[in-house]
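The structure appears below as structure tokens.
The values are calculated or read from the model by the stated rules, or taken from the named source; none is laboratory data. None of these values were measured; they are calculated from a predicted model. Counting neighbours? That spans all protein chains shown, and the Cβs are built from the backbone with ideal geometry, glycine included. SASA here: full protein model, heavy atoms, side chains in, ligands and nucleic acids out. Shrake-Rupley method; radii C 1.70, N 1.55, O 1.52, S 1.80 Å.
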Amino acid sequence: MARSPSRTSGTGSRSFRTAGLAAVAAAIVAADWLRLEEPHRGAGKPLLVVVLAIAPALLPRTWLRVAGALVSALVVSWLAFSASALEVWPGGHRFLGPLGHRFSSGFLDFYEFRLPIDAHQHPWMHGVILAALFGFSLAVALAVAARRAVLAVVCFLVGAGWPATLLTGGHELARGAVILGGALVVLAGLCGRPGRLAIPVGGALVLSALALSTSPAVAKTAFLDWQHWRFATPPQKPVSVRYVWDSDYSGIRFPPRATTVLRIKAGPAPLYWRATTLDEFAADRWVEHLIPNRPGDGLVPRRAGDRRSWTRQEVTVEALDDQHLVGATVPVAYAVDQPVDFIGQGVATAQNGLHRGQTYTVWSYAPTPTPRQLIHVGDDYPGALTRAGADLELAPRATAPAFGVPGRDAVVRRLLSGRLSPYRLLYDRALAVAGQTSSPYAAAVAIETWLRSSGGFVYSEQPPPTGGVPALVAFVTRTKEGYCQHFAGAMALMLRTLGIPSRVAVGFTSGAYAHGEWNVTDHAAHAWVEVWFRGYGWLPFDPTPGRGRLAGTYTSASQGFRFGVAARLLAGLVKGGEVFGAKALVDHPEGGPRSTAEIGARKLTALAPAHHRHSLLRFLLVLALAAAGGVVLAKLLRRRARYLTRDPRRIAVACGQELADFLLDQRLDVPRGGTVHELGGVVAGELAVDAEAFADAVTAARFGPPARSHEAARRARIELRELKRNLRRRLDYVDRARGSLSLRSLGFS
């Protein structure tokens, strides 16, 4: 008799915990799925669906839970579709009519519908949302009731993460942090004390948090790699993608499923593929208004006429419906099988448009000067850039004086009056960020760095309203949320107010490289900035965080850009700037924000609750250390095992694999099955380090005469150690630590 109260109390406590954990998970899952419809049809039905999903998990026996789940499914099917569960079961249409077919294709339809859906116009899609909400909430609740921590967390992450792949935009960083927090709550509630099961699962979640913090603006490619989650593969429909290459700041929405628009055979160095440039700022936005090149205008550097400096690309059109011939910045020659109009500024159009399967060749001049070289480029601009209506124009009939012209501040402020007076705020921010400097390059890279990493800006495809203020002014001074057109448009206009010729370029980021070819999708559509420097012409800069990488180490968008090195070079040239000024460097003794990963980590930390139980903090610390140590040890053992041989050819292969793993861990695109010389090309293109000696040694050890292969293998290992030492010098501590903990070389992408 004395045991009954205790047993009842224990059962009640267990049910209470199950209900609490399941309710937390279901609330997050519901919030994510209900984002897919607008306007909402009320909270009554979703709340009832959640209650029906959790209720079976509170029953004391497994068979009772199964029976309760079936009853709940019948009720929910009636609520969602006014039909029985058998009718909406996938495949049920084979013997119960078309209703089952409509449900089974409902999840696939989310990839075709324009989201968010109107629940009143599409009641069937509303029913599918309720069914998904019920299914995932039920799965989590039953796993929690069975005390299956791994299963509960996996069901929760899938249920909350899937709708995020269907509709992105808004506060993605906060949403990712909420999902991660919910997973940790479920894990801590089920595991109690850390054990063998809790450590690997918790370690995986902490590593997910580290992945989340690698971008200041979590969008499609960050938290748990959402954009690659595919729970169904509907048939690919032939599509054509058409772009209007003018700026629009009202918001964008990429389709959930990427479509390949171009395939480009070119070298491994990442280049942006430019369609055209927007060189006129009118009516508060950038538009295409190209001015043809004139002989002797001084805009094209002398070296651009040397064919030996050209980069060749062979472009195949897959699904791009456009007239512009796309090529790497800056195209100088074309070979096309139809009439072409050469507009100027490296832009050309096909008179008959581009069609699927068409192939053409482009040659581009793409210099990659170093910061040291650009620092010494002065402000002697040709008249073709500074005359009225050219690349210093702030608005029609309002052209800013060139950089370094005496008394230019008063002239600019007089120009920015009347209708243009809001842009004075933009000019003031440009002055504050760049500081007092005699180097146009210092101003350009400072503004790029400020927008990309250190200014607190976030990438958002659905930015907040501007309240009547011009979009770029509101973006820089108020909201600090926007997409590539905001970042590029703001930087180009800020540089023009400083008297530095600049414009917006539009096209695509480099894409994915494999087997000597770049695969470019519609998701790679992008806008960036081109700035003119004497002796080099138009050079690309990219102020948008997390969208792409450029090859030249002069830009902060390059993997090889080193903030500390640039700061030391500019120390004597900048006074008072927010990025390279003395005060900014004192505030950031390590050289300022070293990468967008650090900014993302700071934002994630700011979202974390201020108070936690000390036991949970210790628990998470142990999990993080254990996971990090396990990753490092696994990679070390794998690397050492490859060298457990005396065969020089296998040692050569091991050397190549070790370099490939190093590059993968630095998030560089490594060609699958590529040769060691192709790896050397990646090293040279991305990190500006010569790997020829290593490649030659590996080739000699693997394919050379047997009598010399042992010596070549020994030399290959020596060259590999020296190469990795040089590569680490090019990386800062953040990148090196992230590479040590990366799972890409272990086969996890």
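Condition check ((1) of a type in the set (Ser, Thr, Tyr); (2) within 19 Å of residue 551 (Cβ to Cβ)) across all residues:
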site	(1), (2)
681	no, yes
688	no, yes
691	no, yes
699	yes, no
704	no, no
707	no, no
717	no, no
721	no, no
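Considering the stretch 459-507, and only residues there that are in a loop (DSSP other than H, G, I, E, B) and free of Cβ contacts under 8 Å to residues at least 12 places away in the same chain, the residue that is nearest to residue 401 (Cα to Cα) turns out to be 468.
Scanning the stretch 379-403 for residues that are farther than 25 Å from residue 332 by Cα and surrounded by fewer than 16 Cβ atoms within 10 Å (Cβ to Cβ) yields a total of 3.
Would you say residue 709 is open to solvent by 10 Å² or more (accessible area, probe 1.4 Å) and touching a residue at least 12 places away in the same chain (Cβ under 8 Å)? In short, no.
Of the residues 634, 610, the single one that is surrounded by fewer than 13 Cβ atoms within 10 Å (Cβ to Cβ), among the hydrophobic types (A, V, I, L, M, F, W, C) and either within 28 Å of the chain's Cα centre (by Cα) or at pLDDT below 85 (or both) is 610.
A count restricted to the stretch 225-247 and to residues that are open to solvent by 80 Å² or more (accessible area, probe 1.4 Å) and modelled with pLDDT of 60 or more stands at 3. Criterion applied to 667, 725 was being of a type outside the set (A, V, I, L, M) and part of a helix (DSSP H, G or I), and the one residue passing it is 725.
With the condition kept exactly as written, say whether any residue in the stretch 36-43 is at pLDDT 75 or above and within 33 Å of the chain's Cα centre (by Cα). Yes, the conditions are met somewhere in the stretch 36-43.
The set of residues in the stretch 431-452 that are open to solvent by 10 Å² or more (accessible area, probe 1.4 Å), part of a helix (DSSP H, G or I) and of a type in the set (Val, Ile, Thr) is empty. Of all the numbered requirements in (1) open to solvent by less than 40 Å² (accessible area, probe 1.4 Å); (2) within 26 Å of residue 542 (Cα to Cα); (3) among the polar types (S, T, N, Q), residue 368 misses one, and that requirement is (1). Just one of (1) in contact with a Phe, Trp or Tyr (Cβ under 7 Å, 6 or more places away or on another chain); (2) more than 20 Å from residue 261 (Cα to Cα); (3) touching a residue at least 24 places away in the same chain (Cβ under 8 Å) fails for residue 372. It is (1). The strands (runs of 3 or more DSSP E) located wholly in the stretch 248-358 that include 1 or more residues which are over 30 Å from residue 690 (Cβ atoms), of a type in the set (Asp, Glu) and open to solvent by less than 50 Å² (accessible area, probe 1.4 Å) occupy 280-282. If you check 402, 444, 430 for being touching a strand residue (DSSP E or B) at 6+ places or on another chain (Cβ under 7 Å) and either over 25 Å from residue 544 (Cβ atoms) or in contact (Cβ under 8 Å) with a residue 24 or more places away in the chain (or both), only one passes: 444.
So that you can scan it fast, the table gives a plain yes or no per residue for (1) of a type in the set (D, E, K, R); (2) at pLDDT 95 or above; (3) farther than 30 Å from residue 254 by Cβ:
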position: 394; (1), (2), (3): no, yes, yes
position: 408; (1), (2), (3): yes, yes, yes
position: 427; (1), (2), (3): no, yes, yes
position: 459; (1), (2), (3): no, no, no
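Residue 552 falls short on exactly one of the conditions (1) in a strand (DSSP E or B); (2) at pLDDT below 90, and that condition is (1). Taking the criterion of being open to solvent by less than 10 Å² (accessible area, probe 1.4 Å) and of a type in the set (A, V, I, L, M), the residues of the stretch 647-677 that qualify are 652, 654, 659, 663, 668. Taking the stretch 22-64 as the range and being outside any helix (DSSP H, G or I) and surrounded by fewer than 19 Cβ atoms within 10 Å (Cβ to Cβ) as the test, the residues that pass are 38, 39, 40, 41, 42, 43, 59, 60, 61. Within the stretch 670-691, restricting attention to residues that are part of a helix (DSSP H, G or I) and touching a Gly at 6+ places or on another chain (Cβ under 6 Å), the residue that is modelled with the lowest pLDDT is 687. For the residues 46, 98, the requirement of being of a type outside the set (Lys, Arg), at pLDDT 85 or above and within 42 Å of the chain's Cα centre (by Cα) singles out 46.
Could you please find all residues in the stretch 508-525 being part of a strand (DSSP E or B), out of contact with any Pro (no Cβ under 8 Å at 6 or more places or on another chain) and either under 16 Å from residue 313 (Cβ atoms) or open to solvent by less than 10 Å² (accessible area, probe 1.4 Å) (or both)?
Going residue by residue through the stretch 508-525, those that are part of a strand (DSSP E or B) are 508, 512-514, 517-521, 525.
Retained after the next criterion (residues that are out of contact with any Pro (no Cβ under 8 Å at 6 or more places or on another chain)): 508, 512, 517-521, 525.
Across the stretch 508-525, the qualifying residues are 508, 512, 517, 518, 519, 520.
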